[in-house]
Amino acid sequence: MGKKFNKKKGNKRIRLDADTKVIKPSIRASDIVKENEKFEKFYKAQNLFSDSEYDEMLKYFRTFLPTSFRITGTRSQAEDLIMQIKRDYIPYIESVEIDGEKFKPPHEINWYPNGLGWSFEVPKVALKKSTHLNDFHKFLVTESQIGNISRQEAVSMIPPLLLDVHPNQSVLDMCAAPGSKTAQILELMHANVPEGVVPDGIRFPNIYIENNDKTGSELFRFDRILADVPCSGDGTIRKNPGIWQSWNYREPIHLHKIQEKLLKRAAYLLKVGGRLVYSTCSMNPIENEAIVANALNFFEGSLELVDVSNELPGLIRKPGLSSWKVFDMDGVERSSDEVVEISEDLDDDDDEESATPPQETSKSAKSSKNAENTPKTFRPYKSLFPPKNASELNLDRCIRIYPHLQNTGAFFVAVFEKKKEIECANNVKKALSKIHTIDSKSAIEKSDSSVVSENQVANSSVAHEEEIKIDTQDSENLPLPTGKPDCVPLKQTEYKPSDPRIDPSLNENPFVFLDPVKGSLKQIFDFYDFAPSLLEGGFLARFDHDQHRTVYFVSKSLKNLLESSRNKFRMVNTGVKILAKPASKLPGCEFRLVAEGVPLLLPFINSKFVIDMDYDDFKTFLELRNPRFNQLSDKVNKILQQTTKQTSIIVRFRPTSITSSNDVAEGLNGADSAENNSINSNIACSILKSPIVLPAWRANESISIHIDKNELRSIIVRVLGVSADIGKNNSVLVNNSKTSEKFTKVEESEENNNEVSNSENADVSEEKDS
Ligand SMILES: C[S@@+](CC[C@H](N)C(=O)[O-])C[C@H]1O[C@@H](n2cnc3c(N)ncnc32)[C@H](O)[C@@H]1O
């Protein structure tokens, strides 16, 4: 779009390095010189394109990365949000002109299905700092905070789409942290499930997250597996410009072994007929085609690459490589003639070197902490080189994305199908059992870099290593796949729930199922009169000697799975939070409904706890947030009078039933005047499709909204259509003065008639989620 944005230069900062305790200067991202001789030499040598196309690619690598995001949530909710973007933000952004230049407004990513992927071609700094984009930035931040939008690099949205997930499939996200693709997978699984279908329908009661190197995964086989493996991440160089400084030959060779093991492990855990997606945000063939080719040959016909050229139409891509060049850590090209047959890759069990990726003899080795323990020579593993049969493996079916193709980051994806069961030859058994013996941390130690950019997440693809526990000591206890993988003998190490005070490795109490015939779950069912069919799902709490304050819900299938494999693995999180016990004791039922669980519980709760509001009542409710009954219509007032006092209730608003076509016509003609505000809001709302359901507190003479500030902010903007006035007053989110004043003072609002105040509602403390 050609708009120039000022970036401050200079201002070197001082950073204290955690490991070395040495004070190092660090520089701002904008000061980084976007050049790296090694990087340019390496990729030039790979003969990816013509010279001019290569230069074009480098040019894109040196420019800012557009902001991209995904609309999440149920289909009708997503449609509402898209409508909001089109109605409230695009027209305004289109109209802004600075020094004769215009902003290109956010646009749908053409290959993302159902218009749910978006891209905005302005630099991040402009989005944050420009007053003209203030409202849109706030909208993105608020909606991201409440989970309606997920900021994600466009290319990183590709692997979950190619996974081709369907409801009721079992899916493993092998390298999940930090979890953006997991969330996307869950959304895709639920995309076509009718709303209100529970337990598998809404808000993902079918997820569990485990953090255990003695993984429970041996218990299951999966229909779909995503192996979005740790990688050197040079495809993210636009987002992480520090990579211009730190790129080296060594890291991909290091990571190669881990990637190889993870892919093989994934292949083993896949069901026959299942789909496996392997992906990296690196362009390096050592981390990509080399790994793919090696797995195809290793499993001898059990795995095949899927031709996905007809999937994701509109996505411009280049084919995978069938030949590539291998360089050692010093940047010297090596030949496949040098391949040493000593290690059949993963097989050399007792060879310490095999568990540690190949290392170099060069100067940089000295900077590695493990320098004394690592091999002293580059080991030309067979798996690094193009295999002799490369042309027979359909490697061109892999997908390579480069920045100049559609103004994104770079990415690599390979889609496999498992054609037949893997023969468990001895080498396979040994290899698979070693996958958990990798010490990932040592593998990602990078050459010492004295320059780190301000916003660089230390190479984002590997920055989360700590989150995965790697236990090298227990590798011998891992079950080996013998015979048919479906009958793997389970030699699991039992996970014994223990008290975090005794076992400091636990950050949280373990989950336990609640008994429906006694204790808090019985009290909950008696009070809210939930339909018994809800009990098909499972209710869990963190074990805390009956003092638990949060109740989680899991789907029937996950309940069965968890019960059958109880104590076999360490689960760190699961299900949907549905009820919480506030610090202050409540009359009636000790547990109140929480926003996250309301859509799920709605079909099961006794209708006396559900209050339907029309537009005017709902507007008053949003504006006042704890209206007295007599401030609402007679109809709602009367219904509320008849409900139980001092209890959680659900307020439901169905937007489509509220506006007459006359209102719409009238409002559209006189769109912007302040007098027409109410009509405009009404119209804005009439465009919405998705019912809004909120938990509320029914006090003695009033009800109060029971959601957090950001969610309230989002609903106010959506329902009251307030952004019709964007541009006149950028700093005011809600143009209705009464509402905006209250809105900004949400925490200060006074309690009414000794009822639960808004702030108290918002503060009901809950157990810490991990
Ligand atoms: C590219 S990132 C994954 C990003 C993630 N899929 C997402 O989209 O949010 C790779 C992840 O693999 C994790 N990892 C490293 N070694 C691993 C191992 N041996 N097993 C499983 N995960 C590992 C890293 O911690 C890192 O978070």
Please list, ordered by chain and number, the residues whose modelled amide H lies under 5 Å from the amide H of residue 572; skip anything fewer than 5 residues away on the same chain. 209, 210, 211
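With respect to the cross-link table entries 239/271; 271/388; 38/420; 239/325; 128/181, which display a Cα-Cα separation exceeding 32 Å? Mind showing how you got there, number by number?
Details: 239/271 36 Å; 271/388 29 Å; 38/420 42 Å; 239/325 26 Å; 128/181 25 Å.
Correct reply: 239/271; 38/420.
Let me have the relative contact order for segment 66-152, percent, based on Cα pairs under 8 Å that are six or more residues apart. Each step should come with its number before you reach the end.
Numbers: 103 pairs, mean separation 36.3, N = 87.
This gives 42 percent for segment 66-152.
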Need one word for segment 511-600: rounded, prolate or oblate. Basis is the Cα gyration tensor (sqrt eigenvalues a ≥ b ≥ c); a/c below 1.5 gives rounded, then a/b vs b/c decides. prolate
Quick one: order 139, 527 by neighbouring beta-carbon count within 10 Å, fewest to most. 527, 139
Going by how many other beta carbons lie within 10 Å of each one, how would you line up 63, 647, fewest first? 63, 647
Derived scalar couplings ³J(HN,Hα) [segment 619-630; Karplus, 6.51 cos²θ - 1.76 cosθ + 1.60; whole Hz; x for Gly, Pro]: 4, 4, 4, 5, 6, 8, 6, 9, x, 6, 3, 6
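Past 22 Å, Cα to Cα, is the threshold; run 418/556; 264/318; 59/318; 522/556; 635/689 against it and keep the listed order. Walk me through the numbers on the way to the answer.
Details: 418/556 28 Å; 264/318 25 Å; 59/318 18 Å; 522/556 19 Å; 635/689 24 Å.
The answer is 418/556; 264/318; 635/689.
Each value in this text was obtained by applying a stated rule to the coordinates, not by laboratory testing. Everything numeric here is computed off the predicted structure, so don't read it as measured data. Here the Cβ is made from the backbone with ideal geometry for all residues, glycine too, and neighbour counts use every protein chain on show.
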